[in-house]
Amino acid sequence: MAMSTSNLTIETLNKMFAEGKRFDGRGLLDHRKLEVSFEVSNKAEGSARVKLGKTEVVAGVKLALGTPYPDSPDKGNLVVSSDFLPLASPRFELGPPKFDAIELPRLVDRAIRESHMIELDKLVVTPKEKVWTVYIDLYPINDDGNLIDAATIAAIAALKTAKVPGIDKDGLVDYDTHKVALPISKETAPISFTFFKLGNSIILDPTREEEEACEAKVVWGISKWNKQHMINSCQKGKRTVFTRAELEKMMDLLPEKFDELNDKLKKFL
Amino acid sequence: MRNTINEAHEADVDYGVPEESSKKRKVVIPGEVIVSGEDYLPGEGSHREGENVVASRFGLAEELGKLIKVLPIFGAFIPRRGNVVIGKVTDITFHGWLVDIDAASGSFLPIEESPKFISKNDMEQYLAIGDVVAAKIWSIKSKGIDLILNGKGLGKLEGGFIFKVIPSRVPRVIGREGSMISLIKEKTGCNITVGQNGWIWIKGDSIDAEIKARKAIEFVTEKVHVEGLTEKMGDWFEEN
Amino acid sequence: MAIKRESGRSLTEIRPMMAKVGVIPNADGSAIFAFGDTVAIAAVYGPRQLHPQHMQDPSTGILRCNYDLLSFSVSDRKKPGPSRRSQEISKVTEWALSPVVDLEGFPNTVIDVQIYILQADAGTRTAGINAASLALAHAGIPMKNLVCSISVGKLDKDLVVDVDKAEEDFKGGEGPTDFPIAKIANTDEYTLLQLDGKIQPEVVKKILKLADKACEEIYEVQKKALKEVVQ
């Protein structure tokens, strides 16, 4: 029964959202309390733990040497993975990933890649032969909804504190030496905002109970370039539609929401 | 080392351990000595090791005269006969409804339990998949739990919402002789049914009343070890 | 002359320990346990339904343990997915914990114990068992006692308690020896015994005594963590 929200609770949530109310007293577009901490693992090149209310996600950045992809011979590689550990929820099981676990890292990847936050062209060791691959691994520790947005924040927090390992005289990675910070843009870091819809109401940062009740969702990755807000990625999910009016409203909201969350994030960095 | 009391009595089992009727409660961990002495009787959650009565689990040890019990503080719901539970219908079979009560066994509500005669084709009219029902545990067998609907407030729940608290806090939510839950109902004007499995149903005249009732209950469940909680709740309602 | 430990610890000194209970709200029981830089997190879910049905035992609940490393817990990133090593550790962990739990009251159910290593600096399985023992207690599972676990090693000829990574990789003298042990707290009952290295039979007796002493300290840390969560 931890599985999904029941019919009658969904109807009540629908009425509540229509009145602009939520159980924890937040506004429909307010985030829960954000906490960010670092050094989840001193073996990672960078790592972070993010809590949004009771949702907790950890992210770790590891670098390894590899060959560049054929279509980008002068760039380092980025690989974003996630594992929905059975630790985080009675709904998660060992075994092949369900759709949510497949979608999440792909969405985080897209938001980061399209924002050009990581300067992949500065991660070349020997042109066309040897480059750094940046691995970002995301793990939910407690699932109380909105894992995608929490994971994106964890990923960029980990990237912001990441350092590049040294290379020894044999050309192998020396994980005992970390001198240089990971080359990332000073300007931009993406944040994702997943809007959820129930009835005619749109909400942000749902708890698990609220998220299960919602009928449609759309994830936007947004960053800032030259003081201009840029939408870098988007994915709509679930079965119900979004109207043009709803989408336009999101576009009006996003810049302000980005700045608001970015300011909160700065306090931790 | 079996739990010596596994079956609760049918009557009054909803209203669990009274809040302040026992003396000397202390937190104990598995294997910890609670008291020493041959004349003590090890009850639920404890066992005898030579002279000592020792905790068989993590919880609150209490002495009721010479009877020692260790009450759980955290943990999954352990179903007992007579428990009132709130569950969600997950399937409809020929003979009744499969209900998820968040327990380690599946539960079944036989078609005969519905309030009026229902033919097998109309079962969905009474309870459809996703609907919520308050029921009582009639029996617990290895193949599963059987539910019945004889009792006040039992049956299909409509309107309102359900949410979960840690099952071991349910006695606190109910209070001594129902005093806490009555206070919350009175102050918010809501209909509330409390399941021993930790699921609670609230239905009120307004969204605000329903939200307040939930907040009050969540406040109560956060306090594990507090005396005089019912009086404190009076203050809480003044402030909220 | 006794060997010097790189960490500056005395031969019988355990790394600074940290234990916290109730770290995962969704779980029925949860805990973090650390030996210095080795950090393990454990969650317990259960008793709950066990699928598939043919795995159910009508006479008792079963304990199921899963241990693994997070990708970034080690220097060389670990690829996702269980390895042979983690499967073996999952099984010995289950054997280390089973003797204390009493699951006869929960037939046909499973108690799932999930252990993950956030940061690895040797002794991960021992930290994992200590975390899991706390999580099981936190979940209210009927238990005789807590289980405590420590690894005792040998650097050349000296026995050392709580082997860290540098000591695991020790190359001098007789080479390293690593002996992870777990026992039921305050008893003479051992539930985990594994060994890699070279030791004489009489030395095993000494190692068990060192493990006993270390486990007494670990027990106090575990007890404190459990009592603190009820505040």
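The values are calculated or read from the model by the stated rules, or taken from the named source; none is laboratory data. Just so it is clear, the structure is predicted and the values come from calculations on it, not from any experiment. All Cβ positions, glycine included, derive from the backbone under ideal geometry; neighbour counts span all protein chains shown.
Before moving on, here are some points about what is shown:
- Considering the range B:112-164, and only residues there that are under 22 Å from A:Arg208 (Cβ atoms), of a type in the set (A, V, I, L, M, F, W, C) and modelled with pLDDT of 95 or more, the residue that is surrounded by the fewest Cβ atoms within 10 Å (Cβ to Cβ) turns out to be B:Phe163.
- Whenever a residue of the range B:208-219 is crowded, with 17+ Cβ neighbours inside 10 Å, its partners that are of a type in the set (Lys, Arg) and not in a helix (DSSP H, G or I), lying with C-beta atoms within less than 8 angstrom and at least six residues away or across chains, give the pairs B:Glu210/B:Lys203; B:Ile211/A:Lys21.
- Qualifying residue in the range B:79-101 (condition: in contact with a Gly (Cβ under 9 Å, 6 or more places away or on another chain) and under 24 Å from C:Val100 (Cα atoms)): no
- Any hit, the range A:198-215, residues being touching a His at 6+ places or on another chain (Cβ under 6 Å) and surrounded by 14 or more Cβ atoms within 10 Å (Cβ to Cβ): yes
- Residues satisfying the stated conditions in the range A:150-208, i.e. assigned to a loop (DSSP other than H, G, I, E, B), in contact with a Gly (Cβ under 6 Å, 6 or more places away or on another chain) and hydrophobic (A, V, I, L, M, F, W, C): A:Ala162
- Subset of the range C:5-26 (residues that are in contact with a Leu (Cβ under 9 Å, 6 or more places away or on another chain) and not in a strand (DSSP E or B)): C:Arg5, C:Leu11, C:Thr12, C:Ile24, C:Asn26
- Verdict on C:Val100 being in contact with a Phe, Trp or Tyr (Cβ under 9 Å, 6 or more places away or on another chain), of a type in the set (A, V, I, L, M, F, W, C) and crowded, with 16+ Cβ neighbours inside 10 Å: no
- When A:Thr67 is tested against (1) over 19 Å from the mean Cα position of the chain (by Cα); (2) within 14 Å of another protein chain (Cβ to nearest Cβ), only condition (2) is not met.
- Unmet requirement for C:Gly105, which otherwise passes all of (1) surrounded by fewer than 20 Cβ atoms within 10 Å (Cβ to Cβ); (2) more than 11 Å from every other protein chain (Cβ to nearest Cβ): (2)
- Candidates in the range C:174-217 are the residues that are without any contact (Cβ under 8 Å) to a residue 60 or more places away in the chain and among the small types (Gly, Ala, Ser); of these, the one that is nearest to C:Ile89 (Cα to Cα) is C:Gly197.
- All positions within the range A:94-109 that are in a helix (DSSP H, G or I) and either free of Cβ contacts under 8 Å to residues at least 60 places away in the same chain or out of contact with any helix residue (DSSP H, G or I) (no Cβ under 6 Å at 6 or more places or on another chain) (or both): A:Phe99, A:Asp100, A:Ala101, A:Ile102, A:Glu103, A:Leu104, A:Pro105, A:Arg106, A:Asp109
To keep it simple, each residue is scored yes or no on (1) closer than 21 Å to C:Gly128 by Cβ; (2) more than 14 Å from chain B (Cβ to nearest Cβ); (3) over 16 Å from the mean Cα position of the chain (by Cα).
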{"site": "C:Ile3", "(1), (2), (3)": "no, yes, yes"}
{"site": "C:Glu6", "(1), (2), (3)": "no, yes, yes"}
{"site": "C:Arg9", "(1), (2), (3)": "no, yes, yes"}
{"site": "C:Ile14", "(1), (2), (3)": "yes, yes, no"}
{"site": "C:Met18", "(1), (2), (3)": "yes, yes, no"}
{"site": "C:Gly22", "(1), (2), (3)": "yes, no, yes"}
{"site": "C:Phe33", "(1), (2), (3)": "yes, yes, no"}
{"site": "C:Thr38", "(1), (2), (3)": "yes, yes, no"}
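- For the range C:27-70, the set of residues classified as among the small types (Gly, Ala, Ser), assigned to a loop (DSSP other than H, G, I, E, B) and either free of Cβ contacts under 8 Å to residues at least 60 places away in the same chain or within 22 Å of A:Tyr139 (Cα to Cα) (or both) consists of C:Ala27, C:Ser59, C:Gly61, listed by residue number.
Yes/no matrix, rows are residues, columns are (1) under 29 Å from A:Ser81 (Cα atoms); (2) surrounded by fewer than 21 Cβ atoms within 10 Å (Cβ to Cβ); (3) not aromatic (Phe, Trp, Tyr):
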position	(1), (2), (3)
C:Asp37	yes, yes, yes
C:Ala40	yes, no, yes
C:Gln53	no, yes, yes
C:Thr60	no, yes, yes
C:Arg64	yes, yes, yes
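- The residues of the range C:100-126 that are assigned to a strand (DSSP E or B) and over 19 Å from the mean Cα position of the chain (by Cα), listed by number, are C:Thr109, C:Val110.
- Count of residues meeting criterion [surrounded by fewer than 17 Cβ atoms within 10 Å (Cβ to Cβ) and among the polar types (S, T, N, Q)] in the range C:76-97: 2
- Scanning the range B:27-41 for residues that are in a strand (DSSP E or B) and more than 20 Å from B:Ser168 (Cα to Cα) turns up B:Val33, B:Ile34, B:Val35, B:Ser36, B:Leu41.
- Residue count for the range C:113-146 under the criterion of being among the hydrophobic types (A, V, I, L, M, F, W, C) and within 14 Å of chain B (Cβ to nearest Cβ): the result is 10.
- Condition check for B:Leu60 on (1) of a type in the set (A, V, I, L, M); (2) within 22 Å of the chain's Cα centre (by Cα); (3) within 22 Å of A:Thr5 (Cβ to Cβ): one failure, at (3).
- Among the conditions (1) of a type outside the set (A, V, I, L, M); (2) more than 30 Å from C:Phe106 (Cβ to Cβ); (3) within 9 Å of another protein chain (Cβ to nearest Cβ), C:Pro47 misses just one, which is (2).
- Every condition in (1) buried (at least 23 other Cβ atoms within 10 Å of the Cβ); (2) among the aliphatic types (A, V, I, L, M); (3) within 11 Å of another protein chain (Cβ to nearest Cβ) is met by C:Val110 except one, and the failing one is (1).
- Any hit, the range B:172-192, residues being surrounded by fewer than 21 Cβ atoms within 10 Å (Cβ to Cβ) and among the hydroxyl-bearing types (Ser, Thr, Tyr): yes
- Selection from the range B:103-154 of residues that are part of a loop (DSSP other than H, G, I, E, B), within 14 Å of another protein chain (Cβ to nearest Cβ), more than 20 Å from B:Trp201 (Cα to Cα) and not hydroxyl-bearing (Ser, Thr, Tyr): B:Ala104, B:Gly106, B:Lys143
- Test: A:Asp144 is in contact (Cβ under 8 Å) with a residue 40 or more places away in the chain, closer than 30 Å to A:Glu215 by Cα and assigned to a loop (DSSP other than H, G, I, E, B): yes
- In the range A:1-55, the qualifying residues are those that are under 17 Å from the mean Cα position of the chain (by Cα), buried (at least 19 other Cβ atoms within 10 Å of the Cβ) and charged (D, E, K, R), and the one that is farthest from the other protein chains (Cβ to nearest Cβ) is A:Arg32.
- Number of residues in the range C:173-185 that are in a loop (DSSP other than H, G, I, E, B) and at pLDDT 95 or above: the value is 1.
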